[in-house]
1. Of the residues A:A116, A:A138, A:A121, only one is among the aliphatic types (A, V, I, L, M), closer than 20 Å to A:G19 by Cα and open to solvent by 10 Å² or more (accessible area, probe 1.4 Å); which?
2. Quick one: A:A176 ticks every box in (1) more than 7 Å from every other protein chain (Cβ to nearest Cβ); (2) touching a Ser or Thr at 6+ places or on another chain (Cβ under 7 Å); (3) open to solvent by less than 10 Å² (accessible area, probe 1.4 Å) bar one, so which box is it?
3. Identify, please: which residue in the range B:54-85 is open to solvent by less than 50 Å² (accessible area, probe 1.4 Å) and part of a helix (DSSP H, G or I) and is, among those, farthest from the other protein chains (Cβ to nearest Cβ)?
4. Taking the conditions exactly as written (among the aliphatic types (A, V, I, L, M), buried (at least 16 other Cβ atoms within 10 Å of the Cβ) and modelled with pLDDT under 95), does A:I44 satisfy them or not?
5. Quick check on my filter: what residues within the range B:106-135 are of a type in the set (V, I, T) and either over 12 Å from the mean Cα position of the chain (by Cα) or assigned by TED's automatic domain parsing to the domain that holds B:L248 (or both)?
6. Looking only at the range A:297-341, count how many residues are touching a helix residue (DSSP H, G or I) at 6+ places or on another chain (Cβ under 6 Å), in a helix (DSSP H, G or I), farther than 23 Å from A:L28 by Cβ and of a type outside the set (K, R).
7. Quick one: count up the residues across the range B:274-296 that are touching a Ser or Thr at 6+ places or on another chain (Cβ under 6 Å) and more than 8 Å from chain A (Cβ to nearest Cβ).
8. Being within 14 Å of another protein chain (Cβ to nearest Cβ) and open to solvent by less than 20 Å² (accessible area, probe 1.4 Å) narrows it down to one residue among A:G130, A:G154, A:G171; which is it?
There are 2 protein chains.
Amino acid sequence: MTALQPLPDPIRLAVDCMGGDHGPSVTLPACQAFLAQHPQAELILVGRAEALAAARAWPRCHVVEATEVVEMDDSIEVALRKKRDSSMRVAIQQLRPKEPQALLAHACVSAGNTGALWAVAKFVLKTLEGVDRPAIAAVMPNRRGRFTTVLDLGANVDSTAENLLQFAFMGSALVAAVEGIEEPSVGLLNIGEEAIKGSETIKRAGELLREASAAGQLNFHGNVEGNDIYKGTTDLVVCDGFVGNVMLKTSEGLAGMMGDFIKDEFSRNGLTKLAALVAMPVLKRFKRRVDPRRFNGAALLGLRGLVFKSHGSADAVAFENALARAYDAARNRLLDRVQDRIVATLQAAGNTSPVATAE
Amino acid sequence: MTALQPLPDPIRLAVDCMGGDHGPSVTLPACQAFLAQHPQAELILVGRAEALAAARAWPRCHVVEATEVVEMDDSIEVALRKKRDSSMRVAIQQLRPKEPQALLAHACVSAGNTGALWAVAKFVLKTLEGVDRPAIAAVMPNRRGRFTTVLDLGANVDSTAENLLQFAFMGSALVAAVEGIEEPSVGLLNIGEEAIKGSETIKRAGELLREASAAGQLNFHGNVEGNDIYKGTTDLVVCDGFVGNVMLKTSEGLAGMMGDFIKDEFSRNGLTKLAALVAMPVLKRFKRRVDPRRFNGAALLGLRGLVFKSHGSADAVAFENALARAYDAARNRLLDRVQDRIVATLQAAGNTSPVATAE
């Protein structure tokens, strides 16, 4: 891939200020902190008028009103058909404004519920030309002190080998844009036992990835196993959404359990509480290294617009990180990068007229 | 299921003393410790004559010689076709001795390589009547201070809904025998997003499990997600082997990374090392709670004999735990329990003459 010039400032993010478990009490402070860290950035704050009243005076901020809110337990049906003026939907619409004179957002961030966000984003933006199935990507920390990007995390089940190949292209574009690694190494998640080879789909995906790598379209490392995600064996790990979702939730569950066990043991009695006091600075440093807030912000890839999903329970620090990831993605032209890789592949495959697969 | 009377002592285990990364230097001390804890148990120690010379004098031990050893990196081909007198194979053969006067082992334990053990066990023992696909089950610690049993962990990929149902039967038998929970709750591993329902296979498996639960054949809780394994939402979690293997390896990777991070932070400088000294008793208690040695010993289910697989890198404490799990399984008639559940289901389905599916 040829290196792309970054998009000139101002980069503008549309923020669903009402989404998530905490709404404006978290999103607004996060926006302020983000603006302080990104002196060239602009924000389009979307939400209820009364919730955003104070923000109208903020520099580099534009308020767009939306009268409804998609709640965390709202069904997709409700988000899609009933709440047509939700902050989530209006925020996404800022990526493709209907009025020609409207301000254009380069990326959108929401902490709203995943199913609804996914459905609304697909409906409003449509799928990018040549992409068969959009996917969700996020980063996990690894032993190398960096991040491993993993996709798909649950947008697709029963992915085909061709889907997995496209995930590799889209993921490579994401890692290049956000992590700054132009040709990230790609691992295909598989199981390692010699006895028990991967499924036919995985084997076929391996062949496609090897071919693409040989053609210089991506940097395929080979098969990786579950533990390689945390080892940081490759920059990117590609898998079916069912597997990726189980992997993600399992990791959250295990990390949570280990954290609770540490807390339990240090608060067992007076002596252990004293030990906790002494060990506090060390424990804090440890906590920082595995702090999920640091890697908040999953990318919805393959749509005709950049949407980032913050964890619903995100606090201001976490939400600010999601904003920062979205900013980096927009600035480094993630959308063009995805499009370039997909189009290049289609052309290489002799299909020079990609057909839009609007749903 | 009717409660089964425990098998009368002596319960006899066949031990592949040569298997694993460390061989007799780990397995023999583990056997001694196990015998001390289980005063009625007997062992059949299998391995090279010179390695087992000292053990010939041990009470309640019988030495059976085997001239070969399946190395950790031997292929299945080598284990199956070349090394016909391996300690692994001879140990498994003690479950179905050819000579009528030979001592019968009730279960076999090996730390040898999984692929080889799996292939040799299937070849020597054959599949149990009515079982379509044998599976591997292991336990993970959970927040409730108990264990969650999970299968399949990698014996099968592309499992059908019917396979998943059988895993639930076999796993229920295992939990009843080893954990002492007669009607364990069963969770079907799925992904939680409303938007993105599980695959067709998972949906169909859910139906089969609900029907079996309604017929009183098992205790189906419903769908669970990855984090439920560590919450301990259900006693048993059923999944395809690809997903289970990724889950297991991911967990090992994450736990290892978190452990390393804790070590890193406490050994950073003199001050943090001092903090480590103060916090040592607390850290040790924490370590014990997540110590993988405590839950060593995976069950190979669905074969005509009980085989337990120890982690290859197990130390004596871990290997002793695998022996103890195999002992409990044998004593509480795991084989009969699996057979009973499978036969009962076949009969309920109108198939009163189960056909052996020897491979």
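The values are calculated or read from the model by the stated rules, or taken from the named source; none is laboratory data. Everything numeric here is computed off the predicted structure, so don't read it as measured data. FYI the Cβ positions are ideal-geometry reconstructions off the backbone, even for glycines, and counts take in every protein chain you see. Calculation scope for accessible area: heavy atoms of the full protein, side chains included, ligands and nucleic acids excluded. Shrake-Rupley method; radii C 1.70, N 1.55, O 1.52, S 1.80 Å.
1. Matching residue, one of A:A116, A:A138, A:A121: A:A138.
2. The single condition A:A176 does not satisfy is (2).
3. B:A55
4. Numbers: among the aliphatic types (A, V, I, L, M): yes; buried (at least 16 other Cβ atoms within 10 Å of the Cβ): yes; modelled with pLDDT under 95: no.
No.
5. Quick first cut of the range B:106-135, residues of a type in the set (V, I, T) only: B:109, B:114, B:120, B:124, B:127, B:131.
Those that are of a type in the set (V, I, T) and either over 12 Å from the mean Cα position of the chain (by Cα) or assigned by TED's automatic domain parsing to the domain that holds B:L248 (or both): B:V120, B:V124, B:T127, B:V131.
6. Looking only at that region, the number is 2.
7. Residues in the range B:274-296 being touching a Ser or Thr at 6+ places or on another chain (Cβ under 6 Å) and more than 8 Å from chain A (Cβ to nearest Cβ): 1 in total.
8. Checking each option against the conditions leaves just A:G154.
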